[in-house]
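For reference, the structure is listed below as structure tokens.
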Amino acid sequence: MLPESSSAAGSGSKVAETVLNALVKRGHSHFTGVPCSLLKGLFRLLEDPGCPAAYIPAPREDSALGVASGLALAGARPVALMQNSGLGYSLNVLTSFNLIYDVHLPIVVSWRGHDGNDAVEHDVIGRELTRLLDVFGIPWTVLDNARPEDGVEAFLKQYDSGRSTAVLIVREGI
């Protein structure tokens, strides 16, 4: 487990620690993904040499899914990390490999553009993210930064029930 942060750390840092600790505590040992500013606290923790989990950077989101899928097939418990535009980019991988061959993954996705106050390239997928996940039958949970343990627990329950690909949506920076 990660040590408790100092009181000087921001609330997003505490949420990132809570999320990472909850995932590691449930046996998730490998993380791969493409950095996003909304997940910067989580990536910062993963890049720390003292982190109890392995972090494998990915150049693209579909590559992260490939790495995580290989790790899962080898018996590891990986987590893929990406922003929602990367999830859109990766839908072909999810639908033509992960979902049809039952290689299910927990995926943490930042929700850029959900409120219309982001860069314009995030507006469409930000507005449609949850409906898109519903179309593909991928269960999702929105992380509540005030109660991150509950959000991670709900997310992992979706993932663990029948080993289904599930998405934890991070709306506020952590």
Open item on the list: Among (1) -0.30, -0.45, -0.61; (2) -0.48, -0.71, -0.96; (3) -0.27, -0.40, -0.57, only one was calculated for this model; which label is it, if the read-out is log10 I(q)/I(0) by the Debye sum over Cα atoms at q = 0.09, 0.11, 0.13 Å⁻¹?
Closed with: (3)
- [ ] Enumerate the calculated ³J(HN,Hα) couplings along segment 118-124 in order (Karplus 6.51 cos²θ - 1.76 cosθ + 1.60, θ = phi - 60°), each rounded to whole Hz, writing x wherever the residue is Gly or Pro.
- [x] 9, 4, 4, 5, 9, 4, 5
Open item on the list: Report the Cα centroid-to-centroid distance between segment 35-61 and segment 82-161 in angstrom, as an integer.
Closed with: 18
Task: the chain: relative contact order in percent, alpha carbon pairs under 8 Å with at least 6 residues between - done: 24
Task: For segment 53-121, convex hull of alpha carbons as volume per residue, Å³ - done: 96
Task: Phi-based couplings in Hz for segment 26-31 (Karplus 6.51, -1.76, 1.60; Gly and Pro marked x) - done: 8, x, 7, 10, 9, 10
TODO: Using a 1.4 Å probe and counting only protein heavy atoms, arrange Lys157, Lys25, Lys40, Lys14 so the residue with the most accessible area comes first.
DONE: Lys25, Lys157, Lys40, Lys14
Open item on the list: I want the antiparallel fraction of DSSP beta bridges within the chain, as a percent rounded to 5.
Closed with: 0
Task: Distant-in-sequence amide H partners of Tyr55 (H built 1.01 Å from N, under 5 Å) - done: Phe31
TODO: Give the ranking of Asp144, Asp62 by solvent-accessible surface, highest area first, calculated with a 1.4 Å probe.
DONE: Asp144, Asp62
Task: Prolate/oblate/rounded call for segment 8-64, Cα gyration tensor, a/c under 1.5 rounded - done: oblate
- [ ] Please give every one of the lysines within straight-line cross-link reach of Lys157, meaning a C-alpha to C-alpha distance under 19 Å, and leave out same-chain neighbours fewer than 8 residues apart.
- [x] Lys25
Task: Surface per residue (accessible, 1.4 Å probe) for the chain, Å² - done: 46
Open item on the list: If amide hydrogens are placed 1.01 Å from N in the peptide plane, which non-local residues have theirs closer than 5 Å to the one on Val108?
Closed with: Ala80, Leu81, Met82, Leu168
Task: Proximal aspartates and glutamates relative to Lys14, as straight alpha-carbon distance under 20 Å, when same-chain residues fewer than 8 apart are discounted - done: Glu4, Glu47, Asp48, Asp144, Glu149, Asp150, Glu153, Glu172
TODO: Search the structure for amide H atoms under 5 Å from the amide H of Val142, placed 1.01 Å from N in the peptide plane, and list their residues when 5 or more places away or on another chain.
DONE: Ile169
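The values are calculated or read from the model by the stated rules, or taken from the named source; none is laboratory data. Remember, it's a predicted structure, so these values are computed and weren't measured experimentally. Just so you know, the surface numbers come from the protein's heavy atoms only, side chains and all, with ligands and any DNA or RNA stripped out. Shrake-Rupley method; radii C 1.70, N 1.55, O 1.52, S 1.80 Å.
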